[in-house]
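Asks: Here's a structure for you.
The values are calculated or read from the model by the stated rules, or taken from the named source; none is laboratory data. What you see is a predicted model, and the numbers here were worked out from it, not measured in a lab. Because the Cβ atoms are built from the backbone with ideal geometry, glycine has one as well, and the counts that use them run over all protein chains shown.
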């Protein structure tokens, strides 16, 4: 059975902001975790959630920098986490679960994009898959007791139209040969979407729903590995450095994550890929806008989602459903 990729009539759109989509939503007494929540989209996501009354925990690889960035946002706290280090992930999740608090919202926002070939961990995993997917997979697994203790918890995984660049390379996940930075990014973004599909399938019996989100094109620190000439060639900016008008502001870019995490309209739904504060339609192959709109079939394929889950559990050594 495929995922129900049908718009729900959200009333929001391409230029909606995070503050707008959460307006009128009361998150008092709710607790959220936002990875990478101290810069770019993550910071605006935290600002919107906290502004609606949520307590927000921001796990950070650079805790001091995070504390400085969040100093003017009440209701936030910082802890240490390095998604590329499974011991760090386990330690953070363990501390949180031991605190006895339930978790209502988990937003897997942190990411790296198109970096030079980089290997992390004792097994030399490819860094984009390791950070964007496997680290977040292990984090959600470690936080599972807190998520099921939440009142209808939601998990939001940030994917992107980058998923269109590559399906999952099950025969060479770690790019043992022929590393390509964009194909590696595409695989990682497909993995984020498939993670949401399978987590939702497994978690909904416990009241946990999951969503994948494309935030849109936004200029943030995510582009730190890209040179100016490459961004000009891609049409992201002109030769004078003016950013393309199709790009969103950071406030607009954070909107779909916040919408997926909080929208009452999504009650009873999950396992879908969202864009522009709406459930996305499936990509129409060959369409003029196929590269920038909709979700490709390989990113919401339930069989691939189940297969990736099994591989991810084997690689990380964690799976909250292993005993089920």
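Asks: Does residue 14 fit the bill of being within 20 Å of the chain's Cα centre (by Cα), touching a residue at least 12 places away in the same chain (Cβ under 8 Å), in a loop (DSSP other than H, G, I, E, B) and within 17 Å of residue 107 (Cβ to Cβ)?
Replies: no
Asks: With the structure loaded, tell me whether residue 183 is in a helix (DSSP H, G or I), free of Cβ contacts under 8 Å to residues at least 60 places away in the same chain and surrounded by fewer than 19 Cβ atoms within 10 Å (Cβ to Cβ) or whether it fails that test.
Replies: yes
Asks: Starting from residues that are modelled with pLDDT of 95 or more and part of a loop (DSSP other than H, G, I, E, B), keep the ones in the stretch 234-267 and report whichever is nearest to residue 206 (Cα to Cα).
Replies: Per the criteria, the residue is 267.
Asks: Run down 308, 222 and say which single residue is at pLDDT 95 or above and not in a loop (DSSP other than H, G, I, E, B).
Replies: Selected residue: 308, the only one of 308, 222 that is at pLDDT 95 or above and not in a loop (DSSP other than H, G, I, E, B).
Asks: Restricting to the stretch 284-305, give me the number of residues that are within 20 Å of the chain's Cα centre (by Cα), assigned to a loop (DSSP other than H, G, I, E, B) and at negative phi. Give the steps one after another, and end with the answer.
Replies: Pass one, the stretch 284-305, residues within 20 Å of the chain's Cα centre (by Cα): 291-302, 304-305.
With the extra rule that they be assigned to a loop (DSSP other than H, G, I, E, B), the set shrinks to 291-294, 296, 300-301.
Subset that is at negative phi: 291-293, 296, 300-301.
Residues that pass the stated criteria total 6.
Asks: Let me ask something else about it. Would you pick out the residues in the stretch 119-135 that are in contact with a helix residue (DSSP H, G or I) (Cβ under 7 Å, 6 or more places away or on another chain) and assigned to a helix (DSSP H, G or I)?
Replies: Selection gives 128, 129, 132, 133, 134, 135.
Asks: Now for a different question. All but one of (1) modelled with pLDDT under 95; (2) in contact with a helix residue (DSSP H, G or I) (Cβ under 8 Å, 6 or more places away or on another chain); (3) under 26 Å from residue 26 (Cα atoms) hold for residue 231, so report the exception by its number.
Replies: Failed condition: (3).
Asks: Still on this structure: Tell me the residue from 43, 27 that is under 17 Å from residue 75 (Cα atoms), at pLDDT 95 or above and part of a helix (DSSP H, G or I), please.
Replies: 43
Asks: Right, next: State yes or no: is residue 65 under 29 Å from residue 174 (Cβ atoms) and either in contact with a helix residue (DSSP H, G or I) (Cβ under 6 Å, 6 or more places away or on another chain) or exposed (fewer than 15 other Cβ atoms within 10 Å of the Cβ) (or both)?
Replies: Here the answer is no, as residue 65 does not meet what is asked.
Asks: Give the number of residues within the stretch 48-93 that are touching a residue at least 40 places away in the same chain (Cβ under 8 Å) and under 22 Å from residue 26 (Cβ atoms).
Replies: The number of residues fulfilling the criteria is 4.
Asks: Can you tell me how many residues within the stretch 85-111 are in a loop (DSSP other than H, G, I, E, B) and surrounded by fewer than 22 Cβ atoms within 10 Å (Cβ to Cβ)?
Replies: Number of matching residues: 5.
Asks: Return the residue satisfying two criteria in turn: it lies in the stretch 56-77 and is more than 19 Å from the chain's Cα centre (by Cα) and not in a loop (DSSP other than H, G, I, E, B), and of such residues it is farthest from residue 120 (Cα to Cα).
Replies: So the residue we want is 76.
Asks: In the stretch 30-40, which residues are touching a helix residue (DSSP H, G or I) at 6+ places or on another chain (Cβ under 6 Å), surrounded by fewer than 24 Cβ atoms within 10 Å (Cβ to Cβ) and outside any helix (DSSP H, G or I)?
Replies: Across the stretch 30-40, the qualifying residue is only 39.
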